[in-house]
Amino acid sequence: MEYQKFSGNSFNLYTIKTDKFKNCQIEVIFRNKITKNDITKRIFLTNILTESTKKYFNHKLYKEHLEDLYNSYFFSENNKVGKTIHTTFKADFLNPKYAIDDLLTDIIKMFKEVILNPNVINNAFDKTSFEIVKNDLIDEIKSEKDSPMRYAILKLIENMDPDSALNIRLDGYLEDLELITPESLYKYYKEFIENDMCDVFVIGNLDMDMVNKKFREIFTLSSIKSNHFEYSEVIKERKKIKEVSEETNLKQSRLVVGCNLVNLLENERNTIMSLLNVILGGGSLDSKLYKYLRQENALCYSCSSIYQKNNNLIIITTSIDEKNYKKAIKLIKKAIQDLKKGKITNDEINDSKRNIIESLDLNSDIADALITNYIFHVYLDMPLIDERKVEYQKISKQDLVKAAKKIKLNTIFLLKDGGQ
């Protein structure tokens, strides 16, 4: 694989040239500081831009055009990355060498059509598209409690730090949604285009010099922004663990535990803590949490730990009967203490390394995973996949114990069952 950067006046273009895939992928990323005041407008905007455009003025025409482009796949999404929001427009398309027409040019024109030629009349978004997207967003926001564990995690973060970027909800807020009009959304669109930084990422077996040339001819933005973003955030530690609960009508309680990661070094943040999290509860049936909670005490069906790198957190999740709350907390604390005391076997370390490296090998055969890794290499200086595999092999037990001592329990949240 060949990595390359093309600098420019309005955006930078990053490429991965590889012959691994028959398809190619392009991602156009707009990024800015995330704020609660703007998140609902941003979600609304992202959805309406891929609902219709000025040329393809309803969703049927929009989809039919993509079918004409050899069934190309085009969509948008928003992701929180620490203190920032990434709004991404993606196209997955057949390698142009297999197409009769100039498919690459047509795909780049589609980016221009979706992002720079919105379905706007008299400084307001098309009302039909506006109402379709608004109703969909209302349904998504109202369905928040349909996923009890997701809701429990949101409540945990809210109690840890209501001002944390992680606490900003990616579905948006109903009260803010009701205030948005076609006119105000178009006003926000102009701010979005004017103020966000933009980058383009491309992967595939393409002439990347030609890709860069065509993109700059077709997709024109104002001068490149020089915003500096702080990706990493730190949630304040607590001297005493905070315990919170909420009543619900569930048949089983949802238990979530939030832990600070204090003063991580760069290598701890990039690789060591990821490996430690796998040993603790990151997906393996041999993890300490699974062993203590499920295998030895039958308190739950599943349990896991989630490493939030940019928010310096580990979040532990499980479902239990409320009567087992104290015992579950005791066992979670025991699992963390084992790591701090060095009660980690060579088998645990080697098996976890193997699991991670096997996962990285699988990601090397997935275009989306490769381009995502490259994005975080550019923005967060994360090592590329081959470099990460080498770094994981170097990690020692002493490295793990040192990092484990930086785990500090912060908040425990229990979404109680209804005793049914």
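Summary table below
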item	result
Count - residues of region 253-279 that are closer than 18 Å to residue 413 by Cβ and free of Cβ contacts under 8 Å to residues at least 24 places away in the same chain	0
Any chance residue 121 is among the hydrophobic types (A, V, I, L, M, F, W, C) and exposed (fewer than 14 other Cβ atoms within 10 Å of the Cβ)	yes
Selection from region 288-309 of residues that are buried (at least 24 other Cβ atoms within 10 Å of the Cβ) and either in a loop (DSSP other than H, G, I, E, B) or among the aliphatic types (A, V, I, L, M) (or both)	289, 293
Pairs where the first residue, in region 1-24, is in a strand (DSSP E or B) and the second is surrounded by 17 or more Cβ atoms within 10 Å (Cβ to Cβ) and of a type in the set (Asp, Glu), C-beta under 9 Å, 6+ apart	12/199; 13/199; 14/199; 23/92; 24/92
Any chance residue 75 is aromatic (Phe, Trp, Tyr), under 30 Å from residue 230 (Cα atoms), under 27 Å from the mean Cα position of the chain (by Cα) and surrounded by 15 or more Cβ atoms within 10 Å (Cβ to Cβ)	no
Selection status of residue 185, more than 22 Å from residue 109 (Cβ to Cβ), modelled with pLDDT of 95 or more, outside any loop (DSSP other than H, G, I, E, B) and touching a Ser or Thr at 6+ places or on another chain (Cβ under 7 Å)	no
Residue 141 being in contact with a Gly (Cβ under 7 Å, 6 or more places away or on another chain) and farther than 16 Å from residue 67 by Cα	yes
Selection from region 368-388 of residues that are crowded, with 17+ Cβ neighbours inside 10 Å and either in contact with an Asp or Glu (Cβ under 8 Å, 6 or more places away or on another chain) or not in a helix (DSSP H, G or I) (or both)	371, 375, 382, 383
Options 233, 237: the member that is among the acidic types (Asp, Glu), surrounded by 14 or more Cβ atoms within 10 Å (Cβ to Cβ) and either at pLDDT 95 or above or not assigned by TED's automatic domain parsing to the domain that holds residue 383 (or both)	233
Index of the failed condition, residue 206 passing every other in (1) touching a residue at least 40 places away in the same chain (Cβ under 8 Å); (2) part of a loop (DSSP other than H, G, I, E, B); (3) under 23 Å from residue 32 (Cα atoms)	(3)
Criterion (in contact (Cβ under 8 Å) with a residue 24 or more places away in the chain and more than 20 Å from the chain's Cα centre (by Cα)) met by exactly one of 155, 127, 145	127
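One line per residue, one yes/no per condition, for (1) in a loop (DSSP other than H, G, I, E, B); (2) of a type outside the set (Lys, Arg); (3) under 25 Å from residue 319 (Cβ atoms):
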residue	(1), (2), (3)
140	no, yes, yes
157	no, yes, yes
170	yes, yes, yes
176	no, yes, no
190	no, no, no
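The values are calculated or read from the model by the stated rules, or taken from the named source; none is laboratory data. Just so it is clear, the model here is predicted, and its values are computed rather than measured. Note that each Cβ is placed from the backbone with ideal geometry, even for glycine, and that neighbours are counted across all protein chains shown.
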